[in-house]
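As structure tokens, the structure follows; a few thoughts come after it.
Coordinate-derived values only; no laboratory data. Because the structure is a prediction, the values reported are computed rather than measured. Don't worry about glycine lacking a Cβ; one is built from the backbone with ideal geometry, like all the others, and counts go over all protein chains shown.
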Amino acid sequence: MVIDKFVRMVFHTAPAVNDTERPVPRWALRLAYAMPLLLLPSCLWRLPFAFHFEMGQQGEGGMPSLWVSIPYVFGLSVVSELIAFLCIGLVRGWGEVAPAWIPFVGGRRVRPLAAVVPAVLGGLILTVLFASVPVGDGQTLTVFGVGQDVSYENGWWKALAMISTAPLRVWGPVVLVLAVAYHLRRRPAKTGRTPALAEQSADM
């Protein structure tokens, strides 16, 4: 079962990985492999909106036509999962050496900054998009200002929405943490004392 596999992967043992130049911390492996599964509930929760089923939300705004809503909602869910899957590249060998099937760059070594910079920018954007702080009176503070919370028909719909979308709030910070871990793992190793210092020590 998917749930059983997810629990064992996150809380028991990390996936066996031996294709990176340096060992990857187990916590980083768990975070990277968990993100696509943690974001899956929000993607599934979003899908009924494509067919104008509003999942208990109450609002005055109308829904766009089906030929707009269906590709938009399904495309958003697919793109979300693909971006989450890219987190695994920060802990696997294909994030250090481009897979051979990729045109032009396949088989070439990935420069650290070529992975770190997009990951950091993406993590910051995701943090800005999904970070929010409740301020009371049905309002939430975001980087765009104070907005009104979405109202629901009853508490069950609201609880379902909160549970499904909660992992979105940690998506950006997790990407930033994985980017820092990737950078630290791939930075040049310290060689210790310089030859000049070694000679001075030998003469003493």
Net charge of neighbours whose Cβ lies under 15 Å from the Cβ of Arg92, counting Lys and Arg as +1 and Asp and Glu as -1: +3
Spin-label model distance (nm) - Phe51 vs Ile102, 7 Å beyond Cα toward Cβ: 3.7 nm
Segment Val110-Val180, length gained on full extension (0.36 nm per residue, minus Cα span): 23.6 nm
Contour excess over end-to-end distance, with Cα ends at Arg169 and Ser132 and 0.36 nm allotted per residue: 12.5 nm
